[in-house]
Amino acid sequence: MSLESLGINLRIKLVLATSWFIENTAKLFGYPKISQGMPIGVDPNGGYGLPLHQPRVPPAPDPNNIFEALFGNVPKSSVIEKFYYETTRDGYYNFYIEHYRNVIFLPDWLSKWIQLTFDMAVDTASLEIIRDTLFSLSIYFMFFLQFRTMLYYFISINPYTRPWIYLISLSDWIYDLLFHLGITRRATFFGFPLLSMIVNGVAGVIADALNHVVFTMPYLPSEGQPGQILIDGVPKEVILFRYLPALWFSEPIPDKLRELWYTQRTDIYKFMTTNYNHLNIDFLPNRILRQIYESQHAKAVLNSLTENTEKMQILSNHAFYNPQNWSHELTSYFTDKPEMFISSFVEHTTHFI
């Protein structure tokens, strides 16, 4: 028997043994009389029937000038777009996004901390810049990882000589870190190092995940409501963020936003006071609230001073000597209770004698 025939026989026996093991294991769970196994899905997307957001990583080249044609354009993220809308029923800061299966939101506690610490209400431009910067750095880091691996295929090039050492030093730090953590020795397969592929794959996963991150300010991510709307005449699953954000109820609304409503967007101010005034939320800017407080405080001080003056007058009238009132009270005392006056006079006279 040739070696090829022996390999074919071993493969057939392995397939039959695996089939026998799976079938007999399934019979323990009632197959095929009671249970037919897992249902076969007809949805090509699987999961919950939601589509996947699948941007290309790294993004496709899109040069706009000679420099970008020669050296490549700056990689840009393909994020999930937010669609804002204003209505007199839902409010003025509503938005929705298409509901993808792999959409990523920040945790509620992190979103709340960012909004309160950095006084961030509606404008998420700074966060988007940070996200796009991290995405570009991840793509460039992947390029240097691949370039470092490619250099080892050229025997005539020593990567630890100039100028190559400057390029590989941009990615060697991650290998040094993993080496000190003891991961380098474990990431092998029959002596073949897998660390470069693992690091490159992790960098790609991070870059891909940044494409799916959505910032929900001023709402918390948990406030999103799944729904359906017509987009270009086709019903699509979306996540709606509308009405009053929960953070504006539990925490003060940022002052710069209230100042904008009061001075420029009076329509938003009227909408907020009309619909949410019963929640005891301050919609006026801090400078107006400070003026109201100082006015009320000055009025309270004036009223308190007036009341104290009246009390002082009443007290002075009772405390100081008034001859007319004193003689009148003494005359009444003699007329109403003469026996008490006579007995008191006799007692005092006896003491003097």
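What follows is calculated from the coordinates using simple rules that are stated; it is not laboratory data. What you see is a predicted model; the values in this text were computed from it and never measured. Cβ: placed from backbone, ideal geometry, glycine included. Neighbour counts: every protein chain shown.
Things worth noting here:
- Backbone HN-Hα couplings from phi across segment 12-22 [Karplus 6.51/-1.76/1.60, Hz, Gly and Pro as x]: 5, 5, 5, 5, 5, 5, 5, 4, 4, 5, 5
- Here each label is just a point 7 Å from Cα along the line to Cβ, and for Met197 and Leu181 those points are 2.0 nm apart.
- Treating r as the C-beta distance of Leu116 and Ala209 and R0 as 25 Å, the FRET efficiency rounds to 0.50.
- Size of electric dipole in segment 109-256: Cβ of Lys, Arg +1 and of Asp, Glu -1, about Cα centre, debye, nearest 20: 600
- Integer Hz, Karplus 6.51/-1.76/1.60 couplings in order for segment 98-112, x for Gly and Pro: 5, 7, 9, 5, 10, 5, 10, 10, 6, x, 4, 5, 6, 4, 5
- Zone of Glu259's modelled label, taken as backbone nitrogen in segment 267-296 under 11 Å from a point 7 Å along Cα→Cβ: 285-288
- Note on Lys270 and Ser169: their simple-model spin labels are 6.5 nm apart, each label 7 Å out from Cα toward Cβ.
- Whichever lysines have a C-alpha closer than 23 Å to that of Lys13, once near sequence neighbours (fewer than 8 apart) are set aside: Lys27
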